1. Could you line up F9, F72 from fewest to most neighbouring Cβ atoms inside 10 Å?
2. Compute the angle between helix 34-67 and the longest alpha-carbon principal axis of the chain, please, reported from 0 to 90 degrees and rounded to the nearest 10.
3. Under the rule of -39500 (n - 2.57) per DSSP H run of 4 or more residues, summed and divided by the residues of the chain, what mean residue ellipticity at 222 nm is obtained, to the nearest 500 deg cm²/dmol?
4. Using a cut-off of 17 Å between alpha-carbon atoms, which aspartates and glutamates can reach K63, once sequence neighbours fewer than 8 places away in the same chain are excluded?
5. So what is the diffusion coefficient of the range 2-72 in µm² per second by Stokes-Einstein at 25 °C and 0.890 mPa s, using a Kirkwood Rh over Cα pairs?
6. Taking the Cα centre of the chain as origin, sum charge times position over the Cβ atoms of Lys and Arg (+1) and Asp and Glu (-1), and report the length of that vector in debye to the nearest 20.
7. Report the one residue of N67, L11, F41 whose Cα lies farthest in the direction of the positive end of the charge dipole of the range 2-72 (charges on C-beta: Lys and Arg +1, Asp and Glu -1; origin at the Cα centre).
8. How far, in nm, would the chain grow between K56 and I20 when pulled straight, counting 0.36 nm per residue and subtracting the alpha carbon separation?
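The numbers here are math on the coordinates, done by the rules we state, and not lab data. Quick caveat: nothing in here was measured; it's all calculated off a predicted structure. Virtual Cβ from ideal backbone geometry, glycine too; neighbours counted across all protein chains shown.
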Amino acid sequence: MVVIYVFQFSLCIFIFEFDIKSQITTAEYLIPDIGTGFARFITGIMMHVCMNLEIKQGMEKMKYALNHSWKFD
């Protein structure tokens, strides 16, 4: 869990730093450097892994509601 928070915090710092640099230098979109890209990739993977259980539970609840619609009248 600590690893996830570290990656998400580092991603926030990289994005904030990237936004500050892009606003100062030019109004055009700049391609992020390797650190920002890597942090986004790792954080996305970790978020995906953490959300799998919650998505599965939501899908099971929706399936239950569809199969037992008479209970929700």
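1. Listing F9, F72 from fewest to most nearby Cβ atoms yields F72, F9.
2. It is inclined by approximately 10 degrees.
3. -28500 deg cm²/dmol
4. Cross-link targets: E54, D73.
5. Numbers: Rh = 14.9 Å.
Rounded, D is 164 µm²/s.
6. 360
7. Of the listed residues, the answer is N67.
8. Answer, rounded to one decimal: 9.2 nm.
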